[in-house]
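Each value in this text was obtained by applying a stated rule to the coordinates, not by laboratory testing. For clarity, every value in this text was computed on a predicted model and none was experimentally measured. Glycine also receives a Cβ, built like all others from the backbone with ideal geometry; neighbour counts cover every protein chain displayed.
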Amino acid sequence: FRIAVLVSGGGTNLQAIIDAIDQGTIKDTEIALVLSNNEGAFALERARRRGIPAAVVSPKSFAARAAFNEALLDCVREHQPDLVVLAGFLCAIPDEMVEAYRNRIINIHPSLIPSFCGKGYYGLKVHEAALERGVKISGATVHFVDSGTDTGPIIMQKAVAVLPDDTPKTLQLRIMEQAEWKILPRVIDLIAHGKVKVDGRKVTVIGQDE
Ligand code: GRF
């Protein structure tokens, strides 16, 4: 089972996937490509260290968005992934890619969708909004990607407590450690083994939800 991991930043979720493959909690899976829109992403360094093919497709290199979209899809296709994993990828996924990989693109979002998601909710902004609203529980969501922002079928969620002294940064780190780095590798292993079924907006994890 081949996966492409799309990144823009530090790549701690990518690292969690690499570690899970090394530890055998993700089985029968290889990372065929790490692709970044940003050449400065530390995630690329993590890939290179491990000898994983790494590529940069930057919107800055293209005059038109359509040309960037095409290059992005071409690069992914070239590496023939069975699944595309968005792990902190901050560019919108072009419609052609959503079509070409329907229910074969997943994203990790650092809140319990449908709270604190959609356009404008990325990175620390998600956690700022959660603290501002005063929620006592937040968490992370892994979902399939459709043509909207954070609107696709939900595969798995994990709740994390918000503590009285939390800052956006402390909450972000707790959600990464307790939720993101666990459920993203877990979902990849489940999909790799054919255990995730989608029917419209309803996702069933075989052996877990049934
Ligand atoms: C994570 O919080 C993820 O949920 C969000 O972007 C962040 C990426 O962090 N979509 P990293 O690059 O994996 O460290």
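Miscellaneous remarks
- Qualifying residue in region 125-141 (condition: surrounded by fewer than 23 Cβ atoms within 10 Å (Cβ to Cβ), under 22 Å from Pro81 (Cβ atoms), in contact with an Asp or Glu (Cβ under 9 Å, 6 or more places away or on another chain) and of a type in the set (S, T, N, Q)): no
- Looking at region 1-114, the strands (runs of 3 or more DSSP E) lying wholly inside it that each contain 1 or more residues that are within 11 Å of the ligand (Cβ to nearest atom) sit at 2-7, 30-36, 83-86, 105-109.
- Residue in region 103-120 that is more than 23 Å from Gly10 (Cβ to Cβ), polar (S, T, N, Q) and surrounded by 14 or more Cβ atoms within 10 Å (Cβ to Cβ) present: yes
- Condition check for Ala140: in contact (Cβ under 8 Å) with a residue 40 or more places away in the chain, within 11 Å of the ligand (Cβ to nearest atom) and part of a helix (DSSP H, G or I): no
- Restricting Ser138, Ser147 to residues that are polar (S, T, N, Q) and within 15 Å of Arg201 (Cβ to Cβ) narrows the list to Ser147.
- Qualifying residue in region 160-168 (condition: within 13 Å of the ligand (Cβ to nearest atom), in contact with a helix residue (DSSP H, G or I) (Cβ under 8 Å, 6 or more places away or on another chain) and not acidic (Asp, Glu)): yes
- Within region 193-204, residues that are part of a loop (DSSP other than H, G, I, E, B) have Cβ atoms under 7 Å from residues that are small (Gly, Ala, Ser) in these pairs: Lys195/Gly207, counting only partners at least 6 apart in sequence or on another chain.
- The number of residues in region 142-161 being surrounded by fewer than 21 Cβ atoms within 10 Å (Cβ to Cβ), among the β-branched types (Val, Ile, Thr) and closer than 12 Å to Leu112 by Cβ comes to 2.
- For Arg201, the test of being more than 23 Å from Ala16 (Cα to Cα) and among the charged types (D, E, K, R) is passed.
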